[in-house]
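One structure is given below, represented as structure tokens, and several questions about it will come after.
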Amino acid sequence: MGLMDRLNKGKAYEAEIDKEDDELEVSEETYQIIDKIQGKLIKSTEKRKLNDSELREKIILILDEIIEEDNVFLNKSEKEVIITKTMNEIVGYGPITDLINDPAVTEVMVNGANFVYVEIEGRIEKTKAKFRNDAQLMHVIEKIVTPLGRRVDESSPMVDARLPDGSRINAIIPPLALNGPVLTIRKFAEDPFTATDLIGFGTMSPQIAEFLRVCVESRLNMFISGGTGSGKTTTLNVVSSFIPPDERIVTIEDAAELQLHQEHVVRLESRPPNIEGKGAIVIRDLVRNALRMRPDRIVVGEVRSGEALDMLQAMNTGHDGSITTGHANSPRDMLARLETMVLMAGMDLPLKAVREQIASAIDIIVHQARLRDGSRKIVSIMEIQGMENEVITLQEIFKFKNEGRDSRGRIRGELVSTGIKPKILDKIKEANIKINEDIFR
């Protein structure tokens, strides 16, 4: 699906959301009929597994039996709602099945049985989708996590996992969640976004995309920072696509989300502890192991704790061109968080030594933000120039210039040069990569 298809799908969703919500209202009587259908299906289960079309036909036959037995009158649209809802209960995820399948929806947030929200085009909308009760919501959560080898119950009330299509799910249940079970699903496009898509969305300009491509090809170490939901992983995926196809790439993630099209890619994913609390493999273990796998590039989905030290050491010991992301409100804040994460590794290092490691390892920080209108944009690109006394010195190469709002209320603006030529130009020239220096004017 191309960029315009995605945008048009989003507009169509906004126009039809009320119409779809009317269908999502399900009465208790309807649920009782759905329960009867499921009960009859269980009793008449065949040895072979039914495909979707065969299951639908079976549901229609059973529904006709129930209508005749109970002398119930249902019109055509009511029948279709029952058939669809029953299918969703059996092979889908209940009331949120249609939301998950809608490519315009980027996130589904279930705050208890009665409140379902979606994110579309960066904005959060409340839908009329509802679960019958907390028990139905718990059933859907268990249906999602059980095939993934995870569990969620009172002894383990939180779970973080990845669906087969790459979508990331998080669930937290009582007693930790006071309003009932909470489910969050962050979806990822089946067709990964490209640099052209991000340019169309206004996340970056063609000049910035070209600059980032040159930085990657010149093997500069890059850090992508930003707050939750700012689009760091999407940008990381696009930036990683600039890595030449003849290089060996090792990706390391908590939940595998990156979708690289290069052929020589090794994907590693951390593992949570088992029921006995043993067998956990954390990001730090994978980073250490990756160093023994002869990588040309190491791409870490996100650094959160002690693995930051191993990542910095990898960048400082010949693994140039590595890329990772981290949560922060600004590039300077990212450096402060990195210092904290390195200290979390348990090494008794003086702060000056930690800062020297950071200053020598990272070349540029790309900071991304989710603006008030819901749009996601790269708002700053900083160069780390080195140390001055005991402080890491930063130089902003590009900054976001806000030009107000358009007729739709969207924030207008672009990333513009600060007029300073960065020191990394020397590394780019050493790599014999051409760059149009006019972008720094």
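About its Cα centre, how strong a charge dipole does the chain have in debye, to the nearest 20, once Lys and Arg get +1 and Asp and Glu get -1 at the Cβ? Intermediate values should be presented prior to the final figure.
Numbers: 60 positive and 72 negative charges, 251 e Å.
Once rounded to the nearest 20, the dipole reads 1200 debye.
Counting other C-beta atoms within 10 Å, which of 105, 110 has the fewest, and how do the rest follow? Working shown, then result.
On the way: 105 22, 110 27.
The fewest-first ordering by Cβ neighbours comes to 105, 110.
To the nearest 10 degrees, how steep is helix 307-316 against the longest Cα principal axis of the chain, on a 0 to 90 scale?
40 degrees
Sticking with this one: Based on the mean of other beta carbon atoms within 10 Å per residue, what is the order of 360-369, 315-324, most packed first? Don't jump to the answer; show the numbers that get you there.
Numbers: 360-369: 22.7, 315-324: 19.8.
Output ranking for 360-369, 315-324: 360-369, 315-324.
Order the peptides 401-413, 231-243 from the highest to the lowest mean number of other Cβ atoms within 10 Å of their residues.
Top of the packing list down: 231-243, 401-413.
Let me ask something else about it. Students often check this: by mean Cβ neighbours within 10 Å, which of 62-71, 340-349 ranks highest, and how do the rest follow? Walk me through the numbers before you get to the answer.
Details: 62-71: 13.0, 340-349: 14.5.
The densest-packed peptide leads the list: 340-349, 62-71.
If each residue's Cβ is checked for other Cβ atoms within 10 Å, how do 73, 398, 201 rank with the fewest at the top?
Numbers: 73 6, 398 27, 201 19.
Sorted ascending by nearby Cβ count, the order is 73, 201, 398.
Relative to the longest principal axis of the chain, what angle (0 to 90°, nearest 10) does the C-alpha long axis of helix 76-91 take?
Here the helix axis deviates by roughly 60 degrees.
Among DSSP bridges having both ends in the chain, what percentage is antiparallel? Round to the nearest 5. Write out the running numbers ahead of the final one.
Details: 46 of 67 bridges.
Rounded to the nearest five, the antiparallel share is 70 percent.
Further question on the same structure: Let a ≥ b ≥ c be the square roots of the eigenvalues of the Cα gyration tensor of region 288-441; is it rounded (a/c under 1.5), or, if not, prolate (a/b larger than b/c) or oblate?
Prolate, since a/c reaches 1.5 and a/b exceeds b/c.
Add +1 for every Lys or Arg and -1 for every Asp or Glu among the other residues with Cβ under 15 Å from the Cβ of residue 287, and state the total.
Numbers: positive: 267, 271, 284, 288, 292, 294, 297, 304; negative: 253, 254, 269, 285, 302, 307, 310.
Net charge around residue 287: +1.
Specify whether the C-alpha gyration tensor of region 361-426 places it in the rounded, prolate or oblate class, a ≥ b ≥ c being the square roots of the eigenvalues: rounded for a/c under 1.5, otherwise prolate if a/b is larger than b/c and oblate if not. If you can, show how the numbers build up before the last one.
Details: a/c = 3.27, a/b = 2.37, b/c = 1.38.
Prolate.
Tell me the angle of helix 28-43 to the major Cα principal axis of the chain, expressed in degrees between 0 and 90 and rounded to the nearest ten.
The two axes meet at around 90 degrees.
Another one. DSSP beta bridges in region 195-440, what fraction antiparallel, as a percent rounded to 5? Please list the in-between numbers first.
Details: 22 of 43 bridges.
For region 195-440, the DSSP antiparallel bridge percentage is about 50.
Set the bar at 26 Å for Cα to Cα. Now go through 187/399; 58/143; 76/143; 126/187; 40/85 and name every pair that lies beyond it. Write down the numbers at each step before the final one.
Details: 187/399 29 Å; 58/143 22 Å; 76/143 30 Å; 126/187 17 Å; 40/85 16 Å.
Beyond 26 Å: 187/399; 76/143.
FYI, it's all coordinate maths here, none of it is from the lab. Just so it is clear, the structure is predicted and the values come from calculations on it, not from any experiment. All Cβ positions, glycine included, derive from the backbone under ideal geometry; neighbour counts span all protein chains shown.
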